[in-house]
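Peer 1: Below: one structure in structure tokens.
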Amino acid sequence: MAKNILIILSDLHLSAVQDIGSGHCVAREGFHYDADFSHFIDQLLARVKSEGTECQILILGDFLDFLHTRVPLSESDFLTTTEASSLQKLKAIIRAHPLFFDALKRFTATGFPLSLVPGNHDIDLIRPSVQELLKETIKTELGNNIHFHSWIYHIPGVLYAEHGHQYHDINAYTTLLVPSHTGNENELELPVGAYFDMYLFHLIERVRPPTENIYAPLRYLFNSYLKHPFKLITTFPDVCNFVWAVFRQFAYRGSRQFRITRQRYQEKILSSDAASTGLSYETCVALDQLAEVNNNKMVKRLLGNTLFKNRGDPIKTGYLYPKALMISKVLGSEKKEVPFYLFGHSHRPAKVALDDQSDTFYLNSGTWSSPSYPGSPGDRSLFPFVEIEWENHKRPTATLMQWDETKQKSVQLDEG
């Protein structure tokens, strides 16, 4: 068997804004690196051709950013998640990033597989119509090897991967594989984090626009109001809308209907989907239960993040590393443990041994996005990814890498 190379990227956050008058679509904040990505793909294809290796790409969630894409919709609610809005937003993103999608076409034209896992910003990819539109955009006559994985990407004996938002309490979906809104199947569910993302950052921009990326938005907004108390008066209606939206989510998650919905989901949906993951139904239920949200713990965590800075290791004290430990134990109970547990979502690239084991690792592929806040144009030339290699009966290897646009080559990234 030839050597296999798997390239894992995540959190590119391609988005767009569409002009109401002209219909013209341009890239929005988040991703401005279409040319860099194109160069990365060309270098990758040249490398695998010279080495004679098999290659595949996995984009592990938040490839697209439907939440931050603005198009002229007939609905008045900017948080609408109808199927029509998902398709319109995807068309806008495609039109705003032609160079990026041309690069993906060149990759798929080789016949190498491209796999996609949705994240909390592109959960719309769960919809068959959205998948088909994306396939039609990327596929070529020579290559149509495009696959969608709704939750878990699993290579037995090598890799367990998912986006990771299910373990971030504010971004966890009630029923991930069928994330429809309660009482309205035409709308997708919006977890608490979606309201944080839209309302909270809108408030931040109005009160005190940041000059760098924010990892604790509640604390940032709290401190901003302390410095500019009169801004609370001018933004009070938006604060009320934000609080009300979050309250409704908390109330639902504490309701009897929520518990019934979760039970039916595990009994009916997970039982039919387990085979596609290569794991047993019992294991899938155990993994799903790791994502269950406790309202009291969520409130306590949010208050703690608002009032205090985390002084511990940001990787090991975060929400993904501890869950990777638990997932390894769940898979171990079925004797299906793997050496690599990989996530995105946190935007923090990392490779850390699990529980001081020398042969099992937590990895994170980081982000290629860079929000363009005032005073910080988002310029960057280094883009992280994870490269996994395996061949015959040799032990697979995983390396934390980065594309260096300045040097026009991939180089190893410092781990940790």
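Peer 1: So what is the calculated 222 nm ellipticity per residue for the chain, using -39500 (n - 2.57) for each DSSP H run with n of 4 or more, over all residues, to the nearest 500 deg cm²/dmol?
Peer 2: About -11000 deg cm²/dmol.
Peer 1: Under the 0.36 nm per residue contour assumption, what length would be gained going from the current alpha-carbon distance of residue 392 and residue 54 to full extension?
Peer 2: Values: separation 338, 0.36 × 338 = 121.68 nm, distance 1.26 nm.
Net length gain for the segment: 120.4 nm.
Peer 1: Oh, and also: So how much slack lies between residue 353 and residue 177, counting 0.36 nm per residue of separation and subtracting their Cα-Cα distance, in nm?
Peer 2: Gain in length upon complete extension: 60.4 nm.
Peer 1: Compare the Cα positions of 384, 104, 322 along the charge dipole of the chain (+1 at Cβ of Lys, Arg; -1 at Cβ of Asp, Glu; about the Cα centre) and return the one farthest towards the positive end.
Peer 2: 322
Peer 1: Quick check on the exposure proxy: order 151, 244, 368 from fewest to most C-beta atoms within 10 angstrom.
Peer 2: Listing 151, 244, 368 from fewest to most nearby Cβ atoms yields 244, 151, 368.
Peer 1: Neighbour counts of other C-beta atoms within 10 Å: give me 284, 55, 240 arranged from fewest to most.
Peer 2: The most exposed by this proxy come first: 240, 55, 284.
Peer 1: Label region 240-353 by shape, choosing from rounded, prolate and oblate, from the square roots a ≥ b ≥ c of the eigenvalues of the Cα gyration tensor; if a/c is under 1.5 it is rounded, and otherwise prolate applies when a/b is larger than b/c, oblate when it is not.
Peer 2: Values: a/c = 2.62, a/b = 1.14, b/c = 2.29.
Oblate is the answer for region 240-353, as a/c is 1.5 or above yet b/c matches or exceeds a/b.
Peer 1: Could you state the number of Å between the C-alpha centres of region 397-412 and region 142-171?
Peer 2: 22
Peer 1: Right, next: Please give, to one decimal in nm, the separation of the simple spin-label points placed at residue 269 and residue 216, each 7 Å out from Cα toward the Cβ.
Peer 2: Between residue 269 and residue 216, the label points sit 3.4 nm apart.
Peer 1: Among 357, 201, 410, flag the residue with its Cα farthest along the positive direction of the charge dipole of the chain, charges on Cβ as +1 for Lys/Arg and -1 for Asp/Glu.
Peer 2: 201
Peer 1: Would you list which aspartates and glutamates come within 19 Å of residue 3, measuring only between C-alpha atoms, while excluding same-chain residues fewer than 8 positions from it?
Peer 2: Cross-link targets: 51, 54, 387, 389, 391.
Peer 1: What does DSSP give for the chain in terms of the percent of beta bridges that are antiparallel, rounded to the nearest 5?
Peer 2: 60
Peer 1: Quick one: order 242, 148, 247 by neighbouring beta-carbon count within 10 Å, fewest to most.
Peer 2: Going from least to most buried by this count: 247, 148, 242.
Peer 1: With springs only between Cα atoms under 10 Å, which of 395, 106, 70 fluctuates most in a Gaussian network model of the chain?
Peer 2: 395
Peer 1: Over 18 Å between C-alpha atoms is what I'm after, so list which of 91/139; 49/135; 91/135; 105/139 land there.
Peer 2: Those over the limit are 49/135.
Peer 1: Hey, another quick one. Give the relative contact order (percent, whole number) for the chain; include only Cα pairs under 8 Å separated by 6+ residues.
Peer 2: The value is 20 percent.
Laboratory data are not the source of any read-out in this text; all were calculated from the coordinates shown. Note that the structure is predicted; figures quoted are calculated from it, not measured. Cβ: placed from backbone, ideal geometry, glycine included. Neighbour counts: every protein chain shown.
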